[in-house]
Every structure is written in C-alpha cells, then in structure tokens.
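Visitor: Take this structure, written in structure tokens, and hold onto it; I'll ask about it next.
Quick note: the coordinates plus some simple rules give every number you see, no bench work behind them. Note that the structure is a prediction, hence the values are computed from the model and not measured. Backbone-built Cβ (ideal geometry, glycine too); neighbour counts: all protein chains shown.
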Amino acid sequence: MKITKTGIEGPLIIEPQIFTDARGYFFESYNEEKMKSMGISGRFVQDNQSLSQKGAIRGLHFQSPPFEQGKLVRVVQGAVLDVVVDIRKNSVTYGRQISVELSAQNQLMFWIPPGFAHGFETLMDDTLFLYKCTNTYNKASEGGLLWNDPELAIEWKTACPIVSDKDKVLPTLKNFTSPF
C-alpha cells in the first residue's frame with residue numbers, strides 16, 4: 001500500500017497494491033497490521049454503505065466525543081468528490097478543507113481521523129460508497145457543517161445538487177462551536 005499525506009495533518013490517501021490478470025483484479029482493502037504501521041489507529045467496529053445518484057451531496061458530517069469516529073472510506077462502484085474539513089479547534093489548519101476524487105476506477109481509499117467533518121458529492125449514478133468506522137453511530141452525537149458555506153468555499157462540481165433537508169440547515173463554520 002502506498003500512503004500519500006494531504007495538506008492537513010491526519011487525513012491520508014491510500015493506494016492499495018492491485019494484482020491484475022486475465023480474470024480481473026485483487027487487492028487488500030484492509031489489513032490491521034499494515035494500517036497500524038501507516039499510523040491509522042483504532043479498531044473498526046461498524047461498516048456502512050450508501051448508494052447515491054449523480055449530483056447528490058452527503059455531509060458535511062461528524063460524530064462528537066465520546067462517539068467520535070475515524071473513517072476509512074472508498075468507492076466500490078462509481079465516483080465521488082470526497083471532502084473533509086478540519087474542525088479541531090486547536091489545529092493550525094482549523095477550517096481548512098481538502099478534497100480527493102475516489103472512484104471504482106482509481107481504487108483509492110481515504111483515512112479520515114476524528115476531528116474532521118466529512119462529506120462527498122456523487123459524480124456518477126449508482127455510486128456505492130463504503131465506510132469503515134472506529135466507533136458506532138450515536139444519533140445524539142451527530143453534527144455537521146453547511147455543505148455550501150461560503151467561508152469553506154468547497155468547489156463542488158454540481159450546480160444544483162441533491163441535498164437532504166437535514167444537511168440544508170447545518171451551521172456555517174462561523175456559527176459553529178467545535179466539540180474537538
């Protein structure tokens with residue numbers, strides 16, 4: 001596995017070693033020992049999967065302590081623009097965001113440690129997105145940031161995205177008090 005650091009301390013882009021032949025391909029999507037050696041700590045306790053149509057935006061979400069989650073995410077079918085925002089109040093990169101395109105074609109994975117709001121925009125119909133989480137979901141601990149906050153200036157690719165009613169009323173960074 002090849003690791004690429006991002007412009008913010010914590011999130012990592014992971015490129016698995018892919019073995020191809022006439023049958024197709026094979027790769028290891030998770031290996032606890034290898035992940036620990038790359039600095040990805042925590043035990044994964046919950047897997048989630050979502051199916052989204054082109055132009056859907058999910059996020060920007062997080063879980064507050066003590067239910068904070070690290071997430072190892074990837075796309076099995078389709079493609080997304082995956083985005084994280086640093087919400088660690090003592091971080092020198094607080095409020096900064098980074099994005100990476102994840103697709104079934106590039107097979108990249110993205111490690112998102114606790115302390116980041118996370119979301120994605122679906123770039124193709126019928127996109128299957130997988131999350132491995134280091135903590136279980138807790139409704140009382142869910143939080144988020146407004147997906148189109150002008151201060152974050154995320155460069156979404158869809159002019160008129162499909163966004164849930166819940167995500168349309170999340171706070172802006174300016175009106176947000178971080179639990180991290």
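Visitor: Collect the residues in the range 163-179 that are over 14 Å from Leu60 (Cβ atoms) and touching a residue at least 60 places away in the same chain (Cβ under 8 Å), keeping them in residue-number order.
Guide: Matches in the range 163-179: Pro179 only.
Visitor: Taking Ser91, is it out of contact with any helix residue (DSSP H, G or I) (no Cβ under 8 Å at 6 or more places or on another chain) and part of a loop (DSSP other than H, G, I, E, B)?
Guide: On the way: out of contact with any helix residue (DSSP H, G or I) (no Cβ under 8 Å at 6 or more places or on another chain): yes; part of a loop (DSSP other than H, G, I, E, B): yes.
Yes.
Visitor: When the range 13-59 is examined, which residues are found to be surrounded by 12 or more Cβ atoms within 10 Å (Cβ to Cβ), assigned to a strand (DSSP E or B) and aromatic (Phe, Trp, Tyr)?
Guide: Phe27
Visitor: Could you list, in sequence order, all residues of the range 135-150 that are under 16 Å from Gly59 (Cβ atoms) and touching a residue at least 40 places away in the same chain (Cβ under 8 Å)? Full working, then the answer.
Guide: Within the range 135-150, the subset under 16 Å from Gly59 (Cβ atoms) is 137, 141-149.
Result: Tyr137, Ser141, Glu142, Gly143, Gly144, Leu145, Leu146, Trp147.
Visitor: Kindly indicate whether any position in the range 132-150 is part of a strand (DSSP E or B) and within 12 Å of the chain's Cα centre (by Cα).
Guide: Filtering the range 132-150 down to residues part of a strand (DSSP E or B) leaves 132-133, 142-144.
Still in the running and within 12 Å of the chain's Cα centre (by Cα): 132-133.
Within the range 132-150, one or more residues are part of a strand (DSSP E or B) and within 12 Å of the chain's Cα centre (by Cα).
Visitor: Quick check on my filter: what residues within the range 119-151 are among the aliphatic types (A, V, I, L, M) and surrounded by fewer than 13 Cβ atoms within 10 Å (Cβ to Cβ)? Spell out how you get there, then give the answer.
Guide: Step one: of the range 119-151, the residues among the aliphatic types (A, V, I, L, M) are 123-124, 128, 130, 140, 145-146.
Residue satisfying the conditions is Ala140 alone.
Visitor: Also, quick follow-up: Which condition number does Arg74 fail, the rest of (1) outside any strand (DSSP E or B); (2) surrounded by 14 or more Cβ atoms within 10 Å (Cβ to Cβ); (3) out of contact with any helix residue (DSSP H, G or I) (no Cβ under 9 Å at 6 or more places or on another chain) being met?
Guide: Arg74 satisfies all of (1) outside any strand (DSSP E or B); (2) surrounded by 14 or more Cβ atoms within 10 Å (Cβ to Cβ); (3) out of contact with any helix residue (DSSP H, G or I) (no Cβ under 9 Å at 6 or more places or on another chain) except (1).
Visitor: What tally of residues in the range 118-157 results from selecting those that are of a type in the set (A, V, I, L, M) and in contact with a helix residue (DSSP H, G or I) (Cβ under 9 Å, 6 or more places away or on another chain)? Before the answer, list the steps.
Guide: Of all residues in the range 118-157, those of a type in the set (A, V, I, L, M) come to 123-124, 128, 130, 140, 145-146, 152-154.
Applying the additional criterion that residues be in contact with a helix residue (DSSP H, G or I) (Cβ under 9 Å, 6 or more places away or on another chain) yields 145-146, 152.
Result for the range 118-157: 3.
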